[in-house]
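Undergrad: Take a look at the following structure, please.
A short reminder: the numbers here are calculations on the coordinates, not readings from a lab. From a predicted model like this one, the values you see are computed outputs, not experimental measurements. For neighbour counting, all protein chains shown are included, and Cβ atoms are generated from backbone atoms with ideal geometry for every residue, glycine included.
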Amino acid sequence: MTDRLTTTEGLPESVQRPGYVRDARGTGIVHIGLGAFHKAHQAVYTDDALAASGGYWRIIGVSLRSAEPAAELAPQNGLYTVIARDAAGSRARVIGAMPGAYCLKTQRQPVLDALCAPHTWIVSITVTEKGYGLDRATGGIDTNHPAITADLATPETPQGLAGLLVLALRQRRAAGVPPFTILSCDNLPENGPLTRDLIADLARHAAPDLVNHILTDVAFPSTMVDRITPTRRAQTGALARQMMGHVDAAAIETEAFSQWVIEDHFPTGRPEWEAGDAIFVDDVRPYETMKLRMLNGAHSMLAYAGFAAGHRYVRDVMADMALARLVRRHLGAAAATLPTLPGVDFRGYTAQLEDWFRNPHLAHGTCQIAMDGSENMPQRLFSAIPDARQKAVDIRAFAFATAAWLRHLSLSTHDCVPYDSRDPRKETLTAIGFNRTAAEIVQVMRTADFIDRAIADDTAFWTEVTPILDDMLSRPMTEVIAQEAS
Ligand code: CS2
């Protein structure tokens, strides 16, 4: 029987391992949201930083609800393998940046102790868009979000991100410990200020005397993060065992490319993430808008259309010539809505994105990307429309992507095979999208509270969406795609 990965001793030569003595490095970061993405991204940059210049920057991982990520890491001394896959092959790297991890739901006190420790200088976050509990219309808390409701009712035992941060900041202040810097790494526009306003709004209700402290003393740098990281599949374990000679229950697969653009505003210090090629800038926004509209926007379009056309993975979508053409059209339209970005060539970026999407070694599920549309579509798709209007860019690509999303809400393929929708607004969306005509769906969707008023009122846009949706609901998606691409 193969042993569990517990040490970096004796691993095959080909495996990259931490370039520092793990136990000599203390912890300085608490990371909330212990999914594959964090393990493939920020933790890797931190590993590079620790190897390059040391510092007390190891990471305590926290998942809010699932006990699994911490349980997987515990018997492995926090070690896990990142397998980067592309045409050049598969490369395994053991990450040592995370000595331990906890689950808030089952291990509340150790989580609070870690957040309140004076040596915790950064709290980073990847809880996905739906984890914030954000009311998009106000930029404050969504009082219907289950975690926000819970945290307002019982602020001393928070369950969600905002409640946890407010309590930790409150306890730190009471103990005379300066606040940590809060670093959102989710695909949300202006994720720094967005997180600040959310936390401040929760405090307004739960701890009013903390609001000023949050707004004036806590730093919230913005970031743009990028690394395509599918959820773990059954074969990931077998691959890890083959490459490492050990069982690694926490192994993940990811693409070889990785990017991190960070606003350099860390009054409480930070690791030398430049060592992993992170880029520090004064203003992240142009990068973030580019990534959200191009990579993530095209991802959403190809996931909704590709899923309905029977494509399981992104690589299958890219092998469908008609759909690949629509991906290119979408990328072109999204790029045309953006302001120029010095040093960035959108055509080159488009070619790179197509290459990453084609990666035959990555099993990135269309059903994975097709989750949480109500949280994703605003910044990925809808935000481009006013700019498209202003720059006289054809909105057809955005109308097609929107129709594909709305078609997904019908919860049944053209052959009447049912599937489930995964979205925090599932009930509302099902009521909108199930068993209705295209015109009815569009009409109701335009009144939804998560759609920006300017977009909802753009009648010409919705007039373009309706016949495409009608087609998608009445004909096989492959036919609709072929016609659209011709
Ligand atoms: C994807 C992203 O699942 C999705 O919605 O669009 O997770 C995407 O893979 C990452 O943002 C890439 O950095």
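Undergrad: ³J(HN,Hα) across region 354-369 via Karplus (A = 6.51, B = -1.76, C = 1.60, θ = phi - 60°), whole Hz, x for Gly/Pro?
TA: Running phi through 6.51 cos²θ - 1.76 cosθ + 1.60 with θ = phi - 60° gives 4, 5, 5, 5, 6, 2, x, 8, 10, 9, 9, x, 5, 5, 5, 6 Hz.
Undergrad: Here is a further query. For Arg65 and Thr154, calculate 0.36 nm times their separation in residues minus their Cα-Cα distance, and state this gained length in nm to one decimal.
TA: Taking Arg65 through Thr154 to full extension adds about 30.4 nm, to one decimal.
Undergrad: A further question follows. Under 14 Å Cα to Cα from Lys130, which aspartates and glutamates show up? Leave out anything in the same chain fewer than 8 places away.
TA: Correct list for Lys130: Asp142, Asp186, Asp372, Glu375, Asp423.
Undergrad: Next question, about the same structure. List the trypsin sites (Lys or Arg not before Pro) in region 427-456 that DSSP assigns to loop (not H, G, I, E or B) and whose Cβ has at most 10 other Cβ atoms within 10 Å. Which are they?
TA: none
Undergrad: Could you give the length gained by full extension between Arg285 and Arg315, i.e. 0.36 nm per residue of separation minus their alpha carbon distance, to one decimal place?
TA: Result for the pair: 7.9 nm of gain on full extension.
Undergrad: What is the fewest-to-most order of Val127, Val166 by other Cβ atoms lying within 10 Å of their Cβ?
TA: Arranged by neighbour count, lowest to highest, Val127, Val166 become Val127, Val166.
Undergrad: Across region 156-214, what fraction of all alpha-carbon pairs, as a whole percent, falls in each successive 10 Å bin from zero upward?
TA: With a bin width of 10 Å, the distribution comes to 23, 57, 20, 1.
Undergrad: Right, here's the next one. Per residue of region 247-258, in order, report the coupling 6.51 cos²θ - 1.76 cosθ + 1.60 (Karplus, θ = phi - 60°) as ³J(HN,Hα) in whole Hz, putting x for Gly and Pro.
TA: Calculated HN-Hα couplings, in order: 7, 10, 6, 10, 5, 9, 10, 8, 6, 6, 5, 8 Hz.
Undergrad: Here's another thing I want to ask about it. Working from the pairwise distances between different alpha carbons, so that the mean of 1/r is found and then inverted, what is region 218-282's Kirkwood radius in Å?
TA: The Cα-based Kirkwood calculation yields 14.3 Å.
Undergrad: Using packing as a proxy for protection, rank 321-330, 82-91, 303-312 so that the peptide with the highest average count of other Cβ atoms within 10 Å comes first.
TA: Packing proxy ranking, top to bottom: 303-312, 321-330, 82-91.
Undergrad: Treat each spin label as a single point 7 Å out from the Cα along the C-beta direction, and report the Ala351 to Tyr56 distance in nm.
TA: Between Ala351 and Tyr56, the label points sit 4.8 nm apart.
Undergrad: For region 189-301, divide the Cα radius of gyration by the Kirkwood radius and give the resulting Rg/Rh value with two decimals. Mind showing how you got there, number by number?
TA: Values: Rg = 18.7 Å, Rh = 17.1 Å.
My calculation puts Rg/Rh at 1.09.
Undergrad: Which trypsin sites (Lys or Arg not before Pro) in region 216-303 sit in a loop by DSSP (not H, G, I, E or B) and have at most 10 other Cβ atoms within 10 Å of their own Cβ? Working shown, then result.
TA: Numbers: sites: Arg227, Arg232, Arg233, Arg241, Lys291, Arg293; in loops: Arg227, Arg232, Arg233.
Loop-located and lightly packed - none at all.
Undergrad: Right, another one. Could you sort 345-356, 370-381, 261-272 so that the peptide with the highest average Cβ count within 10 Å comes first and the rest follow in order? Mind showing how you got there, number by number?
TA: Numbers: 345-356: 15.0, 370-381: 22.9, 261-272: 18.2.
Averaged packing, sorted descending, gives the order 370-381, 261-272, 345-356.
Undergrad: Per-residue ellipticity at 222 nm for the chain, helices alone: DSSP H runs ≥ 4 residues times -39500 (n - 2.57), over residue total, nearest 500 deg cm²/dmol?
TA: -12500 deg cm²/dmol
Undergrad: When averaged across all projection directions, what area in nm² does the alpha-carbon convex hull of region 22-281 cover?
TA: 13.6
Undergrad: While we're looking at this one, here's another question. In whole angstrom, how long is each semi-axis of the equivalent ellipsoid of region 285-485, when you take the square root of 5 times every eigenvalue of its Cα gyration tensor and sort them from largest down?
TA: 24, 21, 15
Undergrad: Here is a follow-up. List the residues, sorted by chain then number, that are 5 or more residues from Arg17 or on another chain and whose placed amide H is less than 5 Å from its amide H.
TA: It is Val94, by chain and number.
Undergrad: Taking 0.36 nm per intervening residue step and subtracting the Cα-Cα distance, what contour gain separates Val177 from Asn212 on full extension?
TA: Numbers: separation 35, 0.36 × 35 = 12.60 nm, distance 1.62 nm.
Computed gain between Val177 and Asn212 is 11.0 nm.
Undergrad: Continuing with this model, one more query. Set the Förster distance to 35 Å, then compute FRET efficiency between Thr428 and Gln109 from the Cβ-Cβ distance, nearest 0.05.
TA: Using R0 = 35 Å, I get an efficiency of 0.45.
Undergrad: Could I ask something else about it? Going by amide H atoms built from the backbone, whose H comes under 5 Å of the H on Arg58, apart from near neighbours?
TA: Excluding prolines and chain starts, which carry no amide H, the hits are Gly26, Thr27, Gly28, Ile29.
Undergrad: In addition: What is the sum of charges around Gly276, taking Lys and Arg as +1, Asp and Glu as -1, for the other residues whose C-beta is under 12 Å from the C-beta of Gly276?
TA: That sum, taken over residues with Cβ under 12 Å, equals -3.
Undergrad: Sticking with this structure for a sec: What is the distance in Å between the Cα centroid of region 224-244 and that of region 25-74?
TA: First find each Cα centre; the distance between them is then 17 Å.
Undergrad: Kirkwood hydrodynamic radius of region 282-334 from all distinct Cα pairs, in Å?
TA: Evaluated on region 282-334, it is 11.5 Å.
Undergrad: Would you list Trp273, Trp57 from fewest to most Cβ contacts within 10 Å?
TA: Trp273, Trp57
Undergrad: Going from the alpha-carbon gyration tensor of region 240-315, what semi-axes, largest first and in whole Å, does one get by taking the root of 5 times each eigenvalue?
TA: After diagonalising the Cα gyration tensor, the semi-axes are 30, 25, 9 Å.
Undergrad: When N counts the residues of the chain, how does its alpha-carbon radius of gyration compare numerically with 2.2 N^0.38 Å, as a ratio?
TA: Against the compact-globule rule of thumb, the ratio is 0.97.
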